[in-house]
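The structure appears right after this line, and notes come after that.
Readers should treat all values here as calculations from the given coordinates under stated rules, not as data from a laboratory. Fair warning: this is a prediction, and the values are worked out from it, not measured in the lab. Every residue, glycine among them, receives a Cβ derived from its backbone with ideal geometry; neighbour counts consider all protein chains shown.
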């Protein structure tokens, strides 16, 4: 018996206890004494269950870290064994996840077998209160009939100016950000072929502003670095996101950085799970990030913490801006108060005779970007920051100092952010501010640096890449606009930028090659030079039909149909009550989903959670069961742009089919109707190229190869006419071979190189670390397998790495080479003066974003649309963003700070993924019931105790939830007043195995980021009260 | 036939010697509380691997769910908000079996072979032999074992002995997103802990340290704590745990006394005297004994 300190106290044992101990002990021991020793006492009580189970490799379907998973199914793969998945765990070979999975990934088994999985096609007839099972044949023919009738009645052939616009606006479509790229690209062809312009994906409600902010700063709208690379940072700022909670496995690399000595600071409205392992936590008022970050810019300038060599060479600091540009009293030059829009013409460079930018390397010119920047942020003093953000001055200064230390070439800092920055009316500008800071510090292009946008869904990066957004086409090409692009020539002129600096590589100069190859994919042989490659068949947009706009049109009765592919719109769109009323006005709705959702059951009464009368809702709702990740082959793109291929591990439940089959069957049925009956604007549907072996079921392999692109004719080598770069019919090795003469077809130019003559590059599994954690042999990253974007900027002007410890590439005298694929022209010597940002026609990173954004070339602080201050102390006449688009009815529903005094902010919890995992038992167990987080001070004021029921209301609706009273949400002082914030996790609704709850978006306002219309979910006004049990 | 891929060190209520020839590596799980984000991946992975599903509960005003360990929840995260010197900390501890070198559960267990300690350090429950008396609950200094509502038997973390036996790490260790849970030889884990403690000290946690309490002979699940001087801050982790005095008493003084006093008592009646063990369980045990007899 071991000795211990407790033994110092004499044990107190009662007579009764003595007897019990003796008896029980003796009982057992007696058995043994009498010879009953357990001969069968097995070692390892349970035997290992996976010994011969079939193992299939896949990628987690939840967030964008893209963790590898191993799925084990019953049977060893024998013909007679039905492959039911019985266990899922992490893939130890995966370079990012290394076998780990977060609670969502660890619970994937219960997703695959969820009781909410759909098994059969069903219809809910108008006014009915129940589902009715129907056959696939009936489902497809009824949906096709609805679509044809609506399209024939409403498609617009030409606009008032006679421009062919092929626009079908009365039906909309939502694309699925957890579906594969192969489903995504087929959706693109299907929807644009029909003439749909009201098409959107989850990117609209999450990272839309990332694309606009990063593209307008650096040239591409994607996470700059990669997950593992985070470990190379010296300083990590987590702000506008909660990486530990939303991307736990990716966050491992922040912890690894810490173990290598890095510091981690979290700035957030609440002390979250990321803060729990940070070196420091700094509170902030939701919706005041630009004040904080603008303050950082001011501090860096004032304290000369600028990497000057980088800033002078690689940013537009020296560029001279046109005369007439100004900022005064909250408005930039060119504002039109009537239209709430800016004329951006003064927000641009002064050009010389050659059309190149005028610069002043001495930075003396009063209108050079540097001086404009300095003046703009001089107002953002530490005192102003403290007054408007509520962040303590010492916390703010700690962030400034930590960032400032990375202004030397041998120290690098990074930022991890997500929806905490995007979901604001100033979402794009929040991110822009950080992009500018990273340029000032010389942290872009560097290992361990960058601006790391942590994307939300497993393939939302892919769906953005594939252009499944209202005004987009694959590869960040824009969908033609009826005014700016009435003809192909107009389109190509407007979308092909001219080089703005001597000898600069201006990659978008290749736009005609990308676009013509895309047209050849859309229309196949029907696309000819004579018919402008089928340009007239492309739908042309007049306005952007994002999800907020679509909801408005539905609510006005201007839309008849909505096809919803794996998107829980009822839960994801702002102002859920409005969304429900809008859906109720549709004639038909088609749901393609593996799970039952609030969207497909919007017509069901669920008490206070969804208080509707089904008999009054005349929408005909079709629900088509689809496969989930585990039941299909395909690729998805993680946040760091890796295209990872995954394999099917089991058959889907019941009669569920893949999205590709469903779209294939629907398309063929529609085309047959047009062939048989004719119809309005039939040409695009009859001419769209649908050359799949089985047109009703295009395969992932066929579609992936279309994304990569192929040669339609022999492509001669321009340097040696006797040779060919590719022969007719071959898959292309990369986008460099794309042609503008119709000799190549390519659906997604940035994916070119992903499935070449050498095979499927996305399926590669060589996890060798070639240095700095870079694993170029694992999967395939766009563009051209580059792992760190803008990596030319990791070297100085002479081509020498800024930091020898962080050598990614370097100029070796002949070419650029190293452990990453150079994001540069490989043979362009440093002496040519070519600059690193090759997607920008000026070649440099933009501190001043010129006319790229609608709300200003420099970020400025505007209050959220629902401001808790009711004023903007920086410029009281312009409180909120003047360039926000607000529909009349939505504006009327804004609340004010007198009735709704607290700031509400919604977010994810690590145990759940959006609205899916409430249908996943393991996750429902881990976090079973809706709650809100309330600070101790406010809770005391309101008499709310731990676990009480509370009602949180906005001017649009209410939710009821349990109260988590916490020290982690601190009362702040803002504009000299006390300010309280209420945290609202978003995961609940009326479907699933978790406790029934309310859609958090019943509270949120229907208004979005000025540039992208991503809704303002992170700062709105609410009230809270204690209620009795529900 | 016994499966000897894991060698047994000792068994509850058993006097026959275990095999002694082989000396396998002593293993340990290290939980670095300072890098744990409380994501509950370990909870979920544990339940998934072990095919356990607790009921969907309720929110009680904190993040803890399930709110306690149970036969269906072998590990739970316990969250505490602590203010030390004006600084807020959210201390999150993964609670579960510590796999003591000197296991109070095993010592107090009256049923032969129901609790096994392997030579690698894992303490495993074999529910086939469990009589549901609940003595392991009393005997455990960490309040870990729970009696199942379904079958009246005691359950707890097995350190995934089925995985460890074939060379894998436990499910919770593999899944841990931030690498807060590590698994390896006890020696390696102790060294890793030392490095973590050094890092924490360099960040101002002067009292950082390893929790490997001597009172239970050390454990095969250890914690790195930022405040090793105050383990109670971590949802009441015991500062100096030791086996319940009642178990000590039984093993020390009472056993011989009781043996004398009860020498003439019929064996079956002893089981009925065990207050927590239902009759049917006792019957089951008797049948086991009869079966043994018949062999």
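Mind running the shape call on the range A:484-549? Use the C-alpha gyration tensor, a ≥ b ≥ c as the square roots of the eigenvalues: rounded below 1.5 for a/c, prolate if a/b tops b/c, oblate otherwise. Because a/c hits 1.5 or more and a/b fails to exceed b/c, the range A:484-549 counts as oblate. Counting neighbouring Cβ atoms within 10 Å and putting the fewest first, the residues A:327, A:79, A:915 line up as A:79, A:327, A:915. When DSSP beta bridges are restricted to pairs lying wholly in the range B:60-167, around 100% turn out antiparallel.
The Stokes-Einstein estimate for the range B:4-241, based on a Kirkwood radius over Cα pairs and taken at 4 °C with 1.567 mPa s viscosity, is a diffusion coefficient of 71 µm²/s.
Averaging over all projection directions, the Cα-based convex hull of the range A:684-840 occupies 12.0 nm² in the image plane. Calculate the FRET efficiency for residue A:119 and residue A:1025 from the Cβ-Cβ distance with a Förster distance of 60 Å, rounded to the nearest 0.05. It comes to 0.90. A helix-only calculation puts the protein assembly as shown at -7000 deg cm²/dmol for mean residue ellipticity at 222 nm, using -39500 (n - 2.57) for each DSSP H run of at least four residues, averaged over all residues. Given chain A, report the % of alpha carbon pairs whose separation exceeds 55 Å. The calculated P(r) of chain A puts 14 percent of pairs beyond 55 Å. Enclosing the Cα atoms of the range A:379-525 in their convex hull gives a volume equal to 198 cubic angstrom per residue. Label separation (residue A:136 vs residue A:81): 2.7 nm, computed from points 7 Å beyond Cα along the C-beta direction. Highest mean packing first, where packing is the average number of other Cβ atoms within 10 Å per residue, the peptides B:115-121, A:450-456 line up as A:450-456, B:115-121.
Decide, for the range A:959-1022, between rounded, prolate and oblate: order the square roots of the alpha carbon gyration tensor eigenvalues as a ≥ b ≥ c, take rounded if a/c falls under 1.5, and otherwise choose prolate if a/b is larger than b/c, else oblate. Judged from the Cα gyration tensor, the range A:959-1022 comes out oblate (a/c at least 1.5, b/c at or above a/b).
Classify the range A:649-694 as rounded, prolate or oblate, taking a ≥ b ≥ c as the square roots of the eigenvalues of its Cα gyration tensor: rounded when a/c is under 1.5, otherwise prolate if a/b is larger than b/c and oblate if not. Present the calculation step by step, with values, prior to reporting the outcome.
Values: a/c = 3.84, a/b = 2.37, b/c = 1.62.
Note, shape of the range A:649-694 comes out prolate.
Look at where the Cα atoms of the range A:89-156 and of the range A:884-948 average out, and the two centres are 27 Å apart. Suppose we keep just the DSSP beta bridges with both residues in the range B:4-241; what percent of those would be antiparallel, to 5? Taking every DSSP beta bridge within the range B:4-241, about 85 percent pair in antiparallel fashion. Counted over the protein assembly as shown, the DSSP beta bridges are approximately 65% antiparallel. Sorting A:651, B:17 by the number of Cβ atoms found within 10 Å of their own Cβ, with the fewest placed first, yields B:17, A:651.
Of A:346, A:910, the sequence from fewest to most neighbouring Cβ atoms within 10 angstrom is A:346, A:910.
Once the Kirkwood radius over Cα pairs is known for the range A:778-895, the Stokes-Einstein relation at 10 °C and 1.306 mPa s delivers a diffusion coefficient of 88 µm²/s.
Stretching residue A:971 away from residue A:303 to a fully extended chain increases their span by 237.4 nm, per 0.36 nm per residue minus the current alpha-carbon distance. Legend: Rg and Dmax of the range B:11-59, from Cα coordinates, 18.2, 51 Å.
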